[in-house]
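The values are calculated or read from the model by the stated rules, or taken from the named source; none is laboratory data. None of these values were measured; they are calculated from a predicted model. All Cβ positions, glycine included, derive from the backbone under ideal geometry; neighbour counts span all protein chains shown. Surface accessibility is based on the protein's heavy atoms, side chains included, excluding ligands, DNA and RNA. Shrake-Rupley method; radii C 1.70, N 1.55, O 1.52, S 1.80 Å.
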Amino acid sequence: MKIGVLGLQGAVEEHIKQITALGLEGITIKQPEQLQEIDGLILPGGESTTISRLIHRYGFTDPIKKFAKSKKPIFGTCAGMVLLAKELSGSEDSHLGLMDICVKRNAFGRQRDSFEAKLDVKGIADPFTAVFIRAPYVESAVTHVEILATYNEHIVAARQEHLLVSSFHPELTGDTRFLELFVSMVTEYKKELIIS
Amino acid sequence: MEKLLGTGTVKRGMAQMQKGGVIMDVVNAEQAKIAEATGAVAVMALERVPSDIRAAGGVARMADPRIVEEVMNAVSIPVMAKARIGHIVEARVLEAMGVDYIDESEVLTPADEEFHLLKSAYTVPFVCGCRDLGEAARRIGEGAAMLRTKGEPGTGNIVEAVRHMRQVNAQVRKVTLMNDDELMTEAKILGAPYEILKQIKEAGKLPVVNFAAGGVATPADAALMMELGADGVFVGSGVFKSENPEKFANAIVQATTYYNDYDLIGKLSQELGSAMKGIDIATLAAEERMQER
């Protein structure tokens with residue numbers, strides 16, 4: 001199984017390290033053609049405005065949309081969540097617009113409000129240490145979006161079919177359980193591919 | 001559920017999110033917007049860019065909080081600001097204002113010639129400059145969550161940043177290969193906290209992100225620093241002292257991401273107009289060198 005991490009800006013290496021720790025192959029994606037080699041894609045944390053600019057500039061928009069249309073799983077952390085959202089709160093713009101969620105950027109405040117907290121995550125047995133950095137949250141979601149975790153009643157992790165998002169950064173901890181959730185989605189996809 | 005603010009992971013993590021990006025010096029809201037629109041990952045709000053600080057002489061202090069506030073209101077990306085080395089109150093004021101990162105910076109006139117800030121005591125993360133591993137490890141020991149080369153600010157001359165990046169990385173490699181029984185003496189020689197060196201030896205790398213700063217003036221300069229192992233780039237005077245800031249900013253951002261795509265960097269470097277006027281370091285008198293601070 002090959003998992004790609006969009007390598008335009010942000011915490012790319014951290015995701016690759018976790019993927020490798022699970023014994024899988026992690027690939028840094030810097031060219032749109034590379035998307036063809038991978039089974040799942042991670043949009044990492046970073047600055048969403050910067051990553052979005054580079055996505056457009058270097059022709060990633062349509063290839064990523066096509067990737068999503070083929071039902072290959074995508075996991076967006078923090079900035080990645082912002083990039084996947086169909087709607088951004090208080091803004092006319094959206095970036096890739098793939099997931100039926102409305103996301104609020106810097107929703108918990110500035111860096112001084114950034115925090116760590118233990119969360120219950122659906123599908124993960126024991127509490128998960130979640131690191132929130134100038135994090136967004138899902139302000140509203142359509143019913144077919146499954147809520148995986150909340151913090152103070154705000155949605156901070158969610159899944160819609162083959163799309164997974166988190167406000168926090170699993171890649172900044174030594175805990176690979178959230179990534180394993182994503183890997184199981186990729187496994188599901190590969191199984192269905194064989195069946196069909 | 002208990003909420004922990006300002007932990008090491010939260011502070012260092014913020015810098016990790018900036019990796020592969022360009023942080024630009026700005027002196028007003030208009031410049032901040034240009035920086036954001038061209039793809040900067042953060043802006044450094046200042047009263048003057050380093051080359052103007054150099055030209056103006058006198059004592060350089062924390063920026064007017066009004067400017068910092070204006071910049072914070074103008075953009076959605078993180079805003080950094082500089083405090084004088086050892087100036088506890090400037091740092092606390094910037095923290096209270098809610099800036100996202102403080103640069104305890106040699107670009108400003110030091111407030112304390114002996115002691116740096118105890119950065120672990122703050123909720124806001126700090127970035128500090130370093131020329132070698134001893135300096136890097138001391139700053140980490142004090143709680144810096146991010147490092148950058150000092151270079152020689154405001155000169156548009158990359159030579160010092162190159163020297164500092166190579167030096168730190170060579171020393172990290174040396175420590176990594178050292179025997180355990182040699183480490184204490186190395187700590188003594190470097191003037192580095194032993195515990196930090198031990199961490200570096202075990203991880204094979206610095207425990208915090210290390211950016212390039214102090215002399216980046218062109219897209220090729222930025223790419224060079226990435227090639228030498230920088231995690232990202234600070235551009236001080238290089239953007240807004242160039243002939244065409246928007247073009248320069250755009251090209252530097254792209255060259256930082258695609259630092260080993262030389263065809264692309266060649267294209268990005270075409271017809272940019274003139275870069276900021278540089279200074280040969282050899283012409284600077286010892287007291288004009290900010291890196292010694």
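Here are the numbers for the structure shown:
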| quantity | calculated |
| --- | --- |
| Any hit, the stretch B:280-293, residues being at pLDDT 90 or above and not in a helix (DSSP H, G or I) | no |
| Positions within the stretch A:10-41 being in contact (Cβ under 8 Å) with a residue 40 or more places away in the chain and on the phi < 0 side of the Ramachandran plot, in sequence order | A:11, A:14, A:15, A:17, A:18, A:19, A:21, A:22, A:24, A:39, A:40 |
| Helices (runs of 4 or more DSSP H) wholly inside the stretch B:119-202 that include at least 2 residues being under 21 Å from residue B:84 (Cβ atoms) | B:133-142, B:159-177 |
| Filter result for the condition that a residue is open to solvent by 10 Å² or more (accessible area, probe 1.4 Å), among the acidic types (Asp, Glu), more than 12 Å from chain A (Cβ to nearest Cβ) and at negative phi, over B:70, B:36, B:104 | B:70 |
| Residue list for the stretch B:20-33, filter: within 13 Å of another protein chain (Cβ to nearest Cβ) and either crowded, with 24+ Cβ neighbours inside 10 Å or hydrophobic (A, V, I, L, M, F, W, C) (or both) | B:20, B:21, B:22, B:23, B:24, B:32 |
| All strands (runs of 3 or more DSSP E) inside the stretch B:21-85 with 3 or more residues being in contact (Cβ under 8 Å) with a residue 40 or more places away in the chain | B:22-26, B:42-45 |
| Of all residues making up the stretch A:147-165, the number that are outside any loop (DSSP other than H, G, I, E, B) and more than 16 Å from residue A:182 (Cβ to Cβ) | 5 |
| Helices (runs of 4 or more DSSP H) within the stretch A:42-123 that include 1 or more residues more than 10 Å from chain B (Cβ to nearest Cβ) and without any contact (Cβ under 8 Å) to a residue 12 or more places away in the chain | A:48-57, A:61-69 |
| Exclusive hit being touching a Gly at 6+ places or on another chain (Cβ under 7 Å) and open to solvent by 40 Å² or more (accessible area, probe 1.4 Å), set A:66, A:104, A:86, A:122 | A:86 |
| Condition check for residue B:118: in contact with a Leu (Cβ under 7 Å, 6 or more places away or on another chain), more than 21 Å from residue B:23 (Cα to Cα) and more than 14 Å from chain A (Cβ to nearest Cβ) | no |
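Quick grid of which residues meet (1) crowded, with 22+ Cβ neighbours inside 10 Å; (2) of a type in the set (Phe, Trp, Tyr); (3) part of a helix (DSSP H, G or I):
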residue	(1), (2), (3)
B:210	yes, no, no
B:220	no, no, yes
B:224	no, no, yes
B:230	yes, no, no
B:246	no, no, yes
B:266	no, no, yes
B:271	no, no, no
B:276	yes, no, no
